[in-house]
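Colleague: Before we start, here is the structure in question, set down as structure tokens.
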Amino acid sequence: QGESDISRLTLLSIAGSGTEITFTGVVEGCENRLGIDRDLDGFRDGDELDASSDPGDPASTPGGGATGIAGPARGVPALLWIAGQNPTSHAASLGFKTETDGPVRIDVFDVRGARVRTIVDDSRRAKGIYSETWDLRGDRGQTVSSGVYFVRMQAAGTVLTRRVTVVR
């Protein structure tokens, strides 16, 4: 969190024989899990490594404190991310976090804006980090076709949307 961004030009100027640079790309919607906070404990992986905690274990946090959202994620009322493969052909794993108790609703929409499926409709969800799976079916059990779908979460006065690509 404390490190400043490095421009692409600066990175390329550092690269050379013996100082090769590897760029890693992640699928949109997976950035936090794959590139910043893979165990979803609210502490950035680099900060965990600097503090000798394990960035792959949500129970291992800088300072040995209790697992929870801290650091950069504190104060964010809600988060939604695609926690599995995207594109996907079998199921879409979703992760979400709320900072307050209250209603949470997660729906899937097609590109026309028609609701395909309700994944979560909970009027009294306790704050915390959760995961759900969309089995790539509509509300009536029908398998959805290939295409782009949008997962929308309404929670803590926030509306968040993430894209899921289904390939058959």
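Colleague: From Thr100, Thr165, Thr133, Thr118, grab the single residue that is closer than 27 Å to Phe43 by Cα, open to solvent by 30 Å² or more (accessible area, probe 1.4 Å) and part of a strand (DSSP E or B).
Modeller: Thr133
Yes/no per residue for (1) buried (at least 19 other Cβ atoms within 10 Å of the Cβ); (2) modelled with pLDDT of 80 or more; (3) outside any loop (DSSP other than H, G, I, E, B):
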site	(1), (2), (3)
Val27	no, no, no
Leu34	no, no, yes
Gly42	yes, no, no
Gly63	no, no, yes
Gly68	no, no, no
Trp81	yes, yes, yes
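Colleague: Oh, and also: Of all residues in region 136-162, which are open to solvent by less than 30 Å² (accessible area, probe 1.4 Å) and either at positive phi or not in a strand (DSSP E or B) (or both)?
Modeller: Hits for region 136-162 are Leu136, Gly138, Val144, Gly147.
The values are calculated or read from the model by the stated rules, or taken from the named source; none is laboratory data. Note that the structure is predicted; figures quoted are calculated from it, not measured. With ideal geometry, Cβ positions are generated from the backbone for all residues, glycine too; neighbour counts draw on all protein chains shown. Surface areas here come from the heavy atoms of the whole protein model, side chains and all, with no ligands, DNA or RNA. Shrake-Rupley method; radii C 1.70, N 1.55, O 1.52, S 1.80 Å.
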